[in-house]
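The values are calculated or read from the model by the stated rules, or taken from the named source; none is laboratory data. Computed from a prediction, not measured in an experiment: that's the story for all the values here. Cβ sites come from the backbone with ideal geometry, for glycine too, and all protein chains shown count toward neighbours.
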Amino acid sequence: MLDSLIKDCPNYLFNKLLSQWLKHGIHPRAGYSYESLNHDWSVNHVGRIRLLTQCRQLYTFSHAFIETKDEKWLKPVKPLFEFIISYFWIDDAWIFSLNDDLSIKDTHSDCYALAFVLLAFSYYFKATDDKRSLEFIERTHLFLQNKMACVNGGFLEQYPSNEVSVRRQNPHMHLLEGYLAAYEVTHNKVYKGEVRKLLHLMTEHFFDAKSNSLIEYFNEDWSTNDTLSSNIEPGHHFEWVWLLHQSAKIFPEDGFLAIAEALWSKACKYGFDPNGGIYNQIHAETGSVLDPEKRIWPITEYMKALCVHKPTNTSTDNLVAKTLDFLFAHYLKEDGSWNEYLDVNNKPKAHPLPGTTSYHIFLGLIEVLSWSKAKL
């Protein structure tokens with residue numbers, strides 16, 4: 001069963017998902033990715049084109065070329081890169097979004113999106129050796145430091161600041177992902193230092209040792225936000241498990257894998273629906289279910305975490321097979337599309353195909369393939 005499911009992974013990724021998005025999801029002349037598609041692969045115009053979506057598509061196609069060396073996946077990456085730096089880098093800052101007619105919509109710089117500039121441009125450089133991407137990584141880093149860094153650690157949610165007092169761990173998690181990628185391609189010790197600072201936020205603020213939980217929401221001084229601090233996401237627990245394993249390759253002596261184990265245990269104990277899938281949200285202290293519906297991305301993050309956290313356990317083969325079986329049965333569709341949401345009864349909810357989701361699907365299945373190859 002497992003061998004058959006493993007073979008289904010590259011077939012779905014390359015022959016279906018990415019081939020369909022390349023055919024239907026990339027503007028044939030301008031080279032950008034549509035924000036969303038319908039399930040018949042027609043364009044779902046939503047009134048904006050985000051920097052985030054472009055960067056996730058650039059990352060995914062760049063990584064696809066790195067994995068396969070198939071020139072087909074290089075076809076979209078250079079136009080995507082050119083589009084991003086031409087339309088979103090305005091007056092020495094990254095803007096958030098465009099209108100559907102490519103006019104400027106929202107000029108604020110979003111921390112979450114900037115994290116994906118770091119990630120996407122790092123992989124674009126690995127795929128193409130285009131040194132302009134390294135220059136933009138440096139510009140992005142300097143913008144973060146000069147405009148968005150906070151004196152008590154971390155970064156503003158956006159610039160200019162909207163003075164919202166709630167801070168989130170989520171953008172910082174993805175900044176860690178971005179800086180890890182930037183350090184890998186440049187060996188710049190400054191980026192390594194940013195990895196260290198972001199990990200410090202994790203150990204000092206994000207991880208709650210009393211409940212073994214990843215806290216999502218904070219006040220400006222990094223105290224937990226009383227209104228929201230009990231709302232936690234199993235998917236983010238798994239995402240951090242994977243990131244802590246990547247970080248331990250750089251800082252092996254700092255005990256990050258102990259935190260990874262605590263997060264893994266918490267999410268595995270309370271995050272799984274007995275009927276399959278992973279809940280969107282649970283309660284930090286009690287583990288009770290707060291949102292019983294199940295988006296696709298948490299289960300892809302679980303696969304990533306499983307493959308690096310428990311790669312040689314006797315039960316891992318069965319867990320990978322069980323997860324892939326559920327994924328192909330309930331989320332991934334034969335034509336390369338997917339179900340973005342399942343309800344509490346595992347019934348798909350009507351929802352279009354976001355241009356940001358293929359990043360999650362791709363990385364989840366690629367990690368499974370890497371794990372499978374390492375076993376040989």
Filter pass, Ala262 being buried (at least 17 other Cβ atoms within 10 Å of the Cβ), of a type outside the set (Phe, Trp, Tyr), part of a helix (DSSP H, G or I) and under 20 Å from the mean Cα position of the chain (by Cα): no
Number of the exception - Leu134 against (1) within 18 Å of His172 (Cβ to Cβ); (2) crowded, with 16+ Cβ neighbours inside 10 Å: (1)
Within the range 322-373, considering residues that are assigned to a loop (DSSP other than H, G, I, E, B) and polar (S, T, N, Q), the one nearest to Ile26 (Cα to Cα): Thr356
Residue among Leu74, Leu58, Leu102 that is assigned to a helix (DSSP H, G or I) and either closer than 15 Å to Tyr32 by Cβ or basic (Lys, Arg) (or both): Leu58
Test result for Leu142, surrounded by fewer than 14 Cβ atoms within 10 Å (Cβ to Cβ) and either in a strand (DSSP E or B) or of a type in the set (A, V, I, L, M, F, W, C) (or both): yes
Checklist (1) more than 18 Å from Thr356 (Cα to Cα); (2) among the basic types (Lys, Arg); (3) buried (at least 23 other Cβ atoms within 10 Å of the Cβ) applied to Lys75, failing item: (3)
Hits in the range 7-60 - residues which are among the hydrophobic types (A, V, I, L, M, F, W, C) and at positive phi: Trp41
Residue match in the range 196-209 (condition: part of a loop (DSSP other than H, G, I, E, B), more than 30 Å from Ala127 (Cα to Cα), in contact (Cβ under 8 Å) with a residue 12 or more places away in the chain and touching a Pro at 6+ places or on another chain (Cβ under 8 Å)): no
Conditions (1) within 23 Å of Val195 (Cβ to Cβ); (2) part of a helix (DSSP H, G or I): number failed by Gly153: (2)
In the range 143-187, residue nearest to Phe256 (Cα to Cα) [restricted to those that are among the acidic types (Asp, Glu) and out of contact with any Leu (no Cβ under 7 Å at 6 or more places or on another chain)]: Glu184
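State the number of residues belonging to the range 221-252 that are small (Gly, Ala, Ser), in a helix (DSSP H, G or I) and without any contact (Cβ under 8 Å) to a residue 60 or more places away in the chain.
1
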Residue that is of a type outside the set (Val, Ile, Thr) and without any contact (Cβ under 8 Å) to a residue 12 or more places away in the chain, where the choices are Gln145, Gln158: Gln145
Residue tally, condition over 20 Å from Ser229 (Cβ atoms) and in a loop (DSSP other than H, G, I, E, B), over the range 157-170: 4
Hits in the range 254-283 (condition: polar (S, T, N, Q) and without any contact (Cβ under 8 Å) to a residue 60 or more places away in the chain): Ser265, Asn280, Gln281
Some residue of the range 363-372 being in contact with a helix residue (DSSP H, G or I) (Cβ under 9 Å, 6 or more places away or on another chain), at pLDDT 95 or above, hydroxyl-bearing (Ser, Thr, Tyr) and buried (at least 20 other Cβ atoms within 10 Å of the Cβ): no
Residue check for Leu17: touching a Gly at 6+ places or on another chain (Cβ under 7 Å) and not hydroxyl-bearing (Ser, Thr, Tyr): yes
